[in-house]
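Comments concern the structure below.
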Amino acid sequence: MLNISSLSLRPPHFRPSDRLLQPLWDHLLFHHLSLVSSPFFPVILAFSSYFLCSLPFAALDLLGERVPFFHKYKIQPDSRPTLDMMAKSFMTSLYNHIFFVLPAVIIGMFILPTPSLPREAPTLYQVFTEGLAVLLLFDTQYFIWHFVHHKNLQLYRWVHAVHHEYMAPFSWSTEQLSIPELMTVGFWSNLDPILLKCHPLSTWCITVLSIWMSVEDHIGYDLPWTLNHLVPFGLLGGAPAHDMHHQKPSSNYAPFFSHWDRIFGTAVPLKRKKDD
């Protein structure tokens, strides 16, 4: 494991490695150690990923019919988010992070041990398998949580209804969450990589990927190059499945994959208005 205090004063010991990610990992440790070792780094990474991933789709929504090449893929073409709706969703997420997520991180600094950074980078296979394991575990956790909160009226009203304010989701609405839901999702997102003993670089990669997938779920466009079309056999639900969930809340509870909804009979395919 890495001695953070000593490494900050001198470069790490570079040595030949067959790991393709080792030069990147060495660069992070030597040039950006204070950033990547900070307890605030996961929050910065997650929120900046949410912002950057949402931005291009927000632009598409604002341009609307003026960009017909993209607008033809709009799932609910008659529903277009306004700038006020986007600002409200973004400010909700920003407020939650400033007044709840950051204080939780500060409290954790005093009660949790300081994590160590390994000298070895993960292999590409390790990043893939650890990332897949985290996604599958989180998908299961959230499917159960999501199902329960839709079946219990009080839980839905108190916790999950905030996310269902809009029947037609849009990118900025991805993190329009109540405090209990945000803290639950954040708890799993931080705990699962620890339980699965993931390499920090794997954890950071899966953080960015999972947020990209979450934003894709909410963009409101069935674009042919999104992950749910690129991954074969319909393994991912993507925007079509989650858009249907906002239209028909008793369906498509899983956040990423489709297998749990298929197993429990809650999978509902997208139905466009022109097909009705």
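The values are calculated or read from the model by the stated rules, or taken from the named source; none is laboratory data. What you see is a predicted model, and the numbers here were worked out from it, not measured in a lab. Cβ atoms come from the backbone with ideal geometry, glycine included; neighbour counts cover every protein chain shown. Please note that ligands, DNA and RNA were not included when accessible areas were found on the heavy atoms of the full protein model with its side chains. Shrake-Rupley method; radii C 1.70, N 1.55, O 1.52, S 1.80 Å.
With each pseudo-label sitting 7 Å past Cα toward Cβ, what's the Phe30-Arg262 distance in nm, one decimal?
Placing both labels 7 Å beyond Cα along the Cβ direction yields 4.7 nm.
With springs only between Cα atoms under 10 Å, which of Phe69, Phe138, Phe147 fluctuates most in a Gaussian network model of the chain?
Phe69
Using only C-alpha positions, report the orientation-averaged shadow area of the convex hull of region 138-247, nm², one decimal. The partial results should precede the final answer.
Numbers: hull surface 29.5 nm².
Average projection, Cα convex hull of region 138-247: 7.4 nm².
Residues of the chain: accessible area per residue at 1.4 Å, in Å²?
On the way: 14850 Å² over 276 residues.
About 54 Å² of surface per residue is accessible.
Rounded to the nearest 20 debye, what is the charge dipole size of region 172-276 about its Cα centre when +1 sits on each Lys and Arg Cβ and -1 on each Asp and Glu Cβ? Write out the running numbers ahead of the final one.
Values: 7 positive and 10 negative charges, 41 e Å.
Charge dipole, region 172-276, about its Cα centre: 200 debye, nearest 20.
What is the calculated FRET efficiency for Arg157 to Ser116, with r their C-beta to C-beta distance and R₀ = 45 Å, to the nearest 0.05? Please report the intermediate quantities before stating the final value.
Working: r = 43 Å, r/R0 = 0.96.
Here the calculated transfer efficiency is 0.55.
Take the solvent-accessible surface of the protein heavy atoms, probe 1.4 Å, and return the percent of it on the chain that carbon and sulfur atoms account for. Walk me through the intermediate numbers first.
Values: 10320 of 14850 Å².
Here it works out to 70 percent.
So how do 77-88, 218-229 stack up, highest first, on mean other-Cβ count within 10 Å?
Working: 77-88: 14.1, 218-229: 18.7.
Descending packing order for the listed peptides: 218-229, 77-88.
For helix 200-218, report the angle its Cα long axis makes with the longest principal axis of the Cα atoms of the chain; keep it between 0 and 90° and round to the nearest 10°.
10 degrees
Work out, step by step, the length gained on full extension between Tyr125 and Glu65: first 0.36 nm times the residue separation, then minus their alpha carbon distance; give nm to one decimal. Before the final figure, lay out the partial values.
On the way: separation 60, 0.36 × 60 = 21.60 nm, distance 4.26 nm.
Result: 17.3 nm gained on full extension.
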